Amino acid sequence: TFDTASKAGLDPDDPLAQGLVGYGGTSLSTLEDMDRLFHDLPLDRTSVVLNVSNMSIVGLAMYIAYAEGRGVAPEKLRGNTMNWLYYAAFSDFDSFLPQGAFELSAELVKYCTRHMPRWNTTNLFGYIVEETGGNAVEEIAFVLAASAALTRYCQEAGLHPDQFLPRFSFQMGQGNDLFEQVAKLRALRQAWARLNRERFGCQDPRSLQARIHVHTAGSSLTAQQPLSNVVRAALQTLGAVLGGANSIHTCAYDEALSLPAEGAATLALRTQQVILHETNIPAVADPLGGSYYVEWLTHRLVQEVFVLLGRIEDMGGFRRCWESGWFRRELERTAHDRQRQVERGERTVVGVTRYASGESPVVPRFQRDPAVKQVAEERVRHFRQSRDNGRTQQALERLRSAAEHSHSGGWKGPDMLMQPLIEAARAGATLGEMASVLKQVYGWGCAY
């Protein structure tokens, strides 16, 4: 996971990166940074997740350039990119503007489909819908609407859905309503198969199989009585297993206070390991299948999801709803209604609205190293001084020309953008410099 500055396309010495360097991840700016991360790893045998959000296509280009420098061709690389450039539709973050965001996402999918057969291209990000206040129906419907929009862009780029959908996956939230959250994962699998079969004519069974990573709900954690979060995270992890998650991230109990301290992160890992090794639940496929209540919930969720998907289509599809701010307004409404339930006492938050105490237990907190920003700044400045700046600028100009051609409609043809990005990385361009070119061409900011 890369830091907030990298995800925003900022080098660490950019004035806009103040307070963001090293926050929530590691700083990524140059191929030297790549080497610090991966120098002792066998790249052809290591599956790498490049979580750099808005900069997915830039981060992947840098990784490819780095790997080729070590003699590993793109077709041998394993891993996945988030490629969730649309997530700003649900949040207040700046991002590439909607049309450009989908073009860039499609460029990444197109390149990987044709050149990287072992790379999973896109992680469909439902988790942020839950974290910003959405309910189970909204989480499924909004992320499926985003997938449908990206699928159409990839079709316009000349790909058949069966060529790329098998390498899409999901990241979903797992909240406190145990049975609804179990049913949500079951409903997602049904809705994904139905959408891709009926709307996009998929025939490959892999296109109909939803591979789901679950992240337990950070928004459910409380700063009050934080040790109670151990129980919340454990139950959410159990629900994810019962719902059939393929992989899970369990929140640490101190995340309402800070980034996880080492002991809290280890306990979150042990939570998964106890469920995996001591409960025997993973030995059973769909253990709650056949339960009247769970089956009824699953069926109801699927029905409501397709009603909401139809409503989104009637409003012009995902991109139009993003541009109008509709997604954000819907999530604000849902979050407001839920908060009012808490304030009226209709929804209990243990340790906050009931069973509160005046005690404040001492919890070890993660301490950020204040030298991180200074070190990152010195590294990127030294990197720029040691490179061939003439070569770098020429590569950035070629990237600009390719981006302008792609944005004017060239993205519907052969690979236009990825190779110039890779060449710019080889020529010593930093993440921030490549991102700056793309921001100028595709637009950057808030869409509404």
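Here are the numbers for this structure:
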item	result
Straight-distance crosslink candidates among lysines, where the alpha carbon sits under 18 Å from residue 7 and sequence neighbours closer than 8 are dropped	373, 439
Cα gyration tensor shape of region 240-363, rounded if a/c is under 1.5, else prolate or oblate by comparing a/b with b/c	oblate
Taking all pairs of distinct alpha-carbon atoms in region 365-448, Kirkwood radius in angstrom	14.6
Probe 1.4 Å - accessible area at residue 35, Å² to nearest ten	70
Helix-only CD estimate at 222 nm, as mean residue ellipticity for the chain, using -39500 (n - 2.57) per DSSP H run (n ≥ 4)	-16500 deg cm²/dmol
Rounded tilt (10° steps) of 431-442 against the dominant C-alpha axis of the chain	90
Nitroxide proxy distance, nm - points 7 Å out along Cα→Cβ at residue 219 and residue 39	4.2
Degrees, to the nearest 10: 228-243 long Cα axis against longest axis of the chain	80
Whole-number percent relative contact order across the chain, with pairs defined as alpha carbons under 8 Å at least 6 apart	22
Quotient of C-alpha Rg and 2.2 N^0.38 Å, computed over region 254-306	1.72
Share, in percent, of DSSP beta bridges within the chain that are antiparallel, nearest 5	10
Distant-in-sequence amide H partners of residue 80 (H built 1.01 Å from N, under 5 Å)	48, 49, 50, 120
Exposure of residue 253 as accessible area (Å², to 10), given a probe of 1.4 Å and all protein chains	40
Burial order of peptide ranges 206-215, 96-105, 121-130, 387-396 (average beta-carbon count within 10 Å, highest first)	121-130, 96-105, 206-215, 387-396
Fully extended contour minus Cα-Cα distance, from residue 412 to residue 332, at 0.36 nm per residue	25.3 nm
Pairwise centroid distance, computed over Cα atoms, of region 235-295 with region 99-140, Å	24
Prolate/oblate/rounded label for region 87-207 (Cα gyration tensor, a/c 1.5)	oblate
Å² of accessible area per residue within the chain, as computed with a 1.4 Å probe and no ligands counted	43
Nearest-20 debye value, region 302-448 charge dipole, Cβ charges on Lys, Arg, Asp, Glu	260
Rounded if a/c under 1.5, otherwise prolate or oblate - region 307-412, Cα gyration tensor axes	oblate
Residue 118 paired with residue 366, simple spin-label distance in nm, labels 7 Å along Cα-to-beta-carbon	3.0
Pairwise label distance in nanometres, residue 355 with residue 73, each label 7 Å out on the Cα-Cβ vector	6.0
Cα centroid of region 369-404 to Cα centroid of region 309-346, whole Å	40
Carbon + sulfur, % of accessible area of the chain - ligands and nucleic acids excluded, 1.4 Å	50
Surface/4 estimate of mean projected area, convex hull on alpha-carbon atoms of region 24-125, nm²	6.5
Degrees, to the nearest 10: 389-407 long Cα axis against longest axis of the chain	60
Per-residue SASA entry for residue 113, accessible area with 1.4 Å probe, Å² rounded to 10	30
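The values are calculated or read from the model by the stated rules, or taken from the named source; none is laboratory data. The model shown is predicted, which means the values in this text are computed figures rather than measured ones. Positions of Cβ are backbone-derived with ideal geometry, glycine not excepted, and every protein chain shown enters the neighbour counts. Calculation scope for accessible area: heavy atoms of the full protein, side chains included, ligands and nucleic acids excluded. Shrake-Rupley method; radii C 1.70, N 1.55, O 1.52, S 1.80 Å.
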